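Worksheet: one structure, shown below.
The values are calculated or read from the model by the stated rules, or taken from the named source; none is laboratory data. The structure displayed is predicted, hence computed values, not measured ones. Neighbour counts are summed over all protein chains in view; Cβ atoms, including those assigned to glycine, are modelled from backbone coordinates with ideal geometry.
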Ligand code: FE2
């Protein structure tokens with residue numbers, strides 16, 4: 001036995017073969033990890049039983065053991081460039097694009113690797129072990145792409161990095177956009193991107209999606225398009241993407257990111273769209289930080305919220321995940337790539353605040369995001385035979401993990417401890433009568 005996690009709380013249904021209810025916790029279990037770095041056994045916890053004498057022992061004391069966090073949408077090539085060469089003074093999308101086009105000219109391999117590595121370190125420390133990053137391919141040198149491909153190999157043993165060939169300035173409307181996209185795929189990108197609403201005309205946008213899906217089919221890849229990331233209620237490329245996904249059979253291998261225009265669609269069209277998206281099997285990724293920040297900028301009051309129809313699409317049976325998107329770049333000066341922060345902001349922005357909806361936000365940065373990346377049981381989940389990759393959260397439930405914004409006590413990747421965060425208690429030195437004697441610990445738990 002290489003490792004045993006004793007007495008961990010699992011999400012209901014995990015460790016067993018039947019399906020589970022998102023975010024609800026079941027009983028306490030021991031999770032035994034074999035020498036091959038996979039979960040060998042999951043057995044009910046017995047506090048009378050002696051722990052094994054060999055292997056790494058982690059006493060969970062009832063803490064929540066979850067499959068690792070999954071980041072379905074980030075831009076590692078632009079990360080940590082905020083303020084370079086100068087800050088985005090207005091904070092708008094358009095000034096962000098202008099700042100990035102200046103910064104893009106100075107990209108080097110070393111520069112991209114250093115910044116992306118640092119964000120991957122932040123992610124690993126917070127239990128994000130599967131990452132889908134977009135990478136701007138509208139750069140004739142493809143410098144950032146080559147750097148991220150190199151990094152994908154460097155982290156392969158403990159993190160999964162999927163790279164989307166993302167044509168930031170268009171496929172059809174940008175000179176050589178299609179050729180650059182094809183070259184990015186030839187060099188090894190995992191996913192084909194698109195940005196139909198940014199193309200010059202509706203027709204160019206439709207054509208760009210056709211090109212992206214055909215390219216994905218040709219190479220057996222997935223598709224993830226920045227789609228309808230605009231407040232314009234006439235931006236309706238998601239219906240095109242869903243229809244192409246359905247007819248090509250690519251279905252759940254296709255993702256529409258952002259789809260913020262959906263926040264402006266009327267009831268009749270939304271109803272039609274919900275049925276189409278559910279039938280098509282495509283995934284949606286909502287990025288609450290970017291969407292709250294960048295959308296609604298042309299509105300007077302009342303001002304739109306900037307997000308897609310998260311609640312409605314979940315209810316319609318569409319897989320929706322939350323992504324962080326930008327981290328300290330021209331579009332978001334803040335961020336630490338923390339998935340529980342994404343879940344917290346996302347659940348407020350989308351009003352997922354019902355008792356059963358809060359745990360759903362947790363699944364949107366774990367299981368649902370894993371589905372976006374196409375991770376199956378051989379790569380993801382707490383079950384016998386799955387890789388021993390998980391986070392031990394100092395909380396009893398997903399809701400508590402989000403509320404207290406905890407950091408994983410342990411992050412384990414393929415049977416090895418990748419990150420460790422010892423408890424850092426806060427002591428209150430002011431004990432009025434009834435508050436206890438002497439300094440008392442405050443951990444924000446309900447008694
Ligand atoms: Fe994005």
Given (1) closer than 23 Å to residue 240 by Cβ; (2) at pLDDT 95 or above, number of the condition residue 163 does not satisfy: (1)
Qualifying positions in segment 289-312 - within 16 Å of the ligand (Cβ to nearest atom) and surrounded by fewer than 21 Cβ atoms within 10 Å (Cβ to Cβ): 292
Filter result for the condition that a residue is within 16 Å of the ligand (Cβ to nearest atom) and under 25 Å from residue 157 (Cα atoms), over 65, 76: 76
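So, in segment 79-91, how many residues would count as being touching a helix residue (DSSP H, G or I) at 6+ places or on another chain (Cβ under 8 Å) and more than 14 Å from the ligand (Cβ to nearest atom)? Full working, then the answer.
The initial filter retains those residues of segment 79-91 that are touching a helix residue (DSSP H, G or I) at 6+ places or on another chain (Cβ under 8 Å), namely 79-81, 84-89, 91.
Filter once more, keeping what is more than 14 Å from the ligand (Cβ to nearest atom): 80-81, 84-89, 91.
So the answer is 9.
With respect to residue 94, determine if the residue is without any contact (Cβ under 8 Å) to a residue 40 or more places away in the chain, surrounded by fewer than 23 Cβ atoms within 10 Å (Cβ to Cβ) and within 16 Å of the ligand (Cβ to nearest atom).
Details: without any contact (Cβ under 8 Å) to a residue 40 or more places away in the chain: yes; surrounded by fewer than 23 Cβ atoms within 10 Å (Cβ to Cβ): yes; within 16 Å of the ligand (Cβ to nearest atom): yes.
Yes.
Please find, within segment 265-288, the residue that is nearest to residue 324 (Cα to Cα) out of those that are more than 16 Å from the ligand (Cβ to nearest atom) and surrounded by 21 or more Cβ atoms within 10 Å (Cβ to Cβ). Full working, then the answer.
Step one: filter segment 265-288 for residues more than 16 Å from the ligand (Cβ to nearest atom), giving 265-282.
Now restrict to residues that are surrounded by 21 or more Cβ atoms within 10 Å (Cβ to Cβ): 265, 273, 277, 280, 282.
Working: 265: 24, 273: 25, 277: 23, 280: 25, 282: 20 Å.
Of everything passing the filter in segment 265-288, 282 is nearest to residue 324 (Cα to Cα).
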Residue match in segment 417-433 (condition: closer than 14 Å to residue 340 by Cβ and part of a loop (DSSP other than H, G, I, E, B)): yes
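Among the candidates 369, 337, 350, 383, which residue alone is away from the ligand (no atom under 16 Å from the Cβ), in contact with a strand residue (DSSP E or B) (Cβ under 9 Å, 6 or more places away or on another chain) and under 28 Å from residue 79 (Cβ atoms)? Working first, answer last.
Values: 369 fails: away from the ligand (no atom under 16 Å from the Cβ); 337 fails: away from the ligand (no atom under 16 Å from the Cβ); 383 fails: under 28 Å from residue 79 (Cβ atoms).
Only one candidate qualifies: 350.
Residue by residue, here is whether (1) in the same structural domain as residue 73 (by TED's automatic domain parsing); (2) within 16 Å of the ligand (Cβ to nearest atom); (3) buried (at least 20 other Cβ atoms within 10 Å of the Cβ) holds:
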| residue | (1), (2), (3) |
| --- | --- |
| 150 | yes, no, no |
| 155 | yes, no, no |
| 177 | yes, no, yes |
| 186 | yes, no, no |
| 193 | yes, yes, yes |
| 209 | yes, no, yes |
| 213 | yes, no, yes |
| 228 | yes, yes, yes |
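Listed here are the residues, each with its yes/no results for (1) more than 21 Å from residue 120 (Cα to Cα); (2) part of a strand (DSSP E or B); (3) not assigned by TED's automatic domain parsing to the domain that holds residue 393.
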residue	(1), (2), (3)
285	no, yes, yes
296	yes, no, yes
303	yes, no, yes
313	yes, no, yes
340	no, no, yes
354	yes, no, yes
362	no, no, yes
